[in-house]
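Colleague: Following this message is one structure expressed as structure tokens.
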Amino acid sequence: MTAAAPDAPTNGLSGLHFLLALAVVAVWGTNFVVIHVGLEHLPPLMFAALRFILATLPWIFILKRPPAPWRDLASYGVLVGFGQFGLMYVAMRSDISPGLASLVIQTQVFLTVGLAAVLAREKVRGFQFAALAFALAGLVLIAMFGGQSATPKGLVLVLLAALSWAASNIVVKRAGQVNMLAYVVWGSLFSAPPLIACSFALEGWPAIAAGFRDADLVTWLAVIWQAVGNTLFGYAAWGWLLGRYPAASVTPMALLVPVFGMGSSALLLGEPLQSWKLIAAALVVAGLAINMLWPLWTARRARARLA
């Protein structure tokens, strides 16, 4: 959903709704710390599988299946489940820090633009090339100075996760205006099976059994938070806001996700914020800001000229 309802307000978010949007991006940003906590005991692929099992059950018996083809729901489930989160969890196990993962995964914005240009022949505009240049400069800094904070393997895996997220965006776009929460729940039905199969094949039963045995209350709370807090609350609240307000009033809030991600990782996990990391973050966020805010600025100027 990208358009406001007919009776939706056309101004900025109200105070309470601004706090709701802030809560969503805070949950999405700090979730990288929660992922880190869960990975202390559970193997990455099984951890991701548990997340999507809880995102499916019992909600699939409550929410009506959205009017989308089964192939699209299956594609979405595999791309988001195995492609996005499976690969990202594997990377975060030991190859990239939570703060940098929250930053690099945002390259999905530019990858979505690229895929739309190739698959849907959407035109890439000049400001989007400029935005991409900023983001690429930030990624180069991470590759040069990442060290153990972001190994080449970790960077590649998170970029592949971002590509999977971008591909899932293209799939969702075909659905048009649907109940996004229902779409996520029904799509998640196809996420767990490949994750479980790959977990048994690549991680092995001994590692899975050890993870279950060593998991404590905090670990299981992390699993529950992945499904209920990050997935169900996040998508439901975000979709509700997009249904009530113009997208231009809501989507810029997403710029705060890597801010919360890096900030919470530094505060709660002691992840150092070296100067190169701050510069890389500034470059990537600047690219995101240009890509997201430039069309809003030009549209406002056009309205001002017509007034």
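Laboratory data are not the source of any read-out in this text; all were calculated from the coordinates shown. Since we're looking at a predicted model, the values are computed, not measured. Backbone-built Cβ (ideal geometry, glycine too); neighbour counts: all protein chains shown.
Colleague: Pop a pseudo-label 7 angstrom from the Cα along the beta-carbon direction at both residue 201 and residue 269 and give the gap in nm to one decimal.
Modeller: 2.8
Colleague: Now for a separate question. Tell me, what HN-Hα J-couplings in whole Hz come from the Karplus equation 6.51 cos²θ - 1.76 cosθ + 1.60 at θ = phi - 60° for each residue of the stretch 215-232, using x for Gly and Pro?
Modeller: 3J(HN,Hα) across the stretch 215-232, in whole Hz: 4, 10, 4, 4, 4, 5, 5, 5, 5, 4, 5, 4, 7, 7, x, 6, 8, 6.
Colleague: Can you tell me how much longer the chain between residue 136 and residue 294 gets when fully stretched, taken as 0.36 nm per residue apart minus their C-alpha distance, in nm with one decimal?
Modeller: Values: separation 158, 0.36 × 158 = 56.88 nm, distance 1.82 nm.
The span from residue 136 to residue 294 would gain 55.1 nm if fully extended.
Colleague: Determine the dipole magnitude for the chain: charges of +1 sit on the beta-carbon of Lys and Arg, -1 on that of Asp and Glu, nothing else is charged, the reference point is the Cα centre, and the result goes in debye to the nearest 20.
Modeller: Approximately 1120 debye in magnitude.
Colleague: For the chain, compute Rg over Rh where Rg is the Cα radius of gyration and Rh is the Kirkwood radius from the inverse mean 1/r over Cα pairs.
Modeller: Dividing the radius of gyration by the Kirkwood radius yields 0.96.
Colleague: Return the sequence-ordered ³J(HN,Hα) values of the stretch 275-285 in whole Hz as given by the Karplus equation 6.51 cos²θ - 1.76 cosθ + 1.60 applied to θ = phi - 60°, using x for Gly and Pro.
Modeller: With the stated coefficients, the stretch 275-285 comes to 4, 5, 5, 5, 5, 4, 5, 4, 5, 5, 5 Hz.
Colleague: Another one. Report the Cα centroid-to-centroid distance between the stretch 267-307 and the stretch 69-115 in angstrom, as an integer.
Modeller: Centre-to-centre distance over Cα atoms comes out at 21 Å.
Colleague: Separate question: Starting with the highest mean, order 18-25, 205-212 by the number of other Cβ atoms within 10 Å, averaged over the residues of each peptide.
Modeller: Values: 18-25: 17.4, 205-212: 14.0.
Result, highest mean first: 18-25, 205-212.
Colleague: Only counting other Cβ atoms within 10 Å, I'd like 107, 251 sorted with the fewest neighbours first.
Modeller: 251, 107
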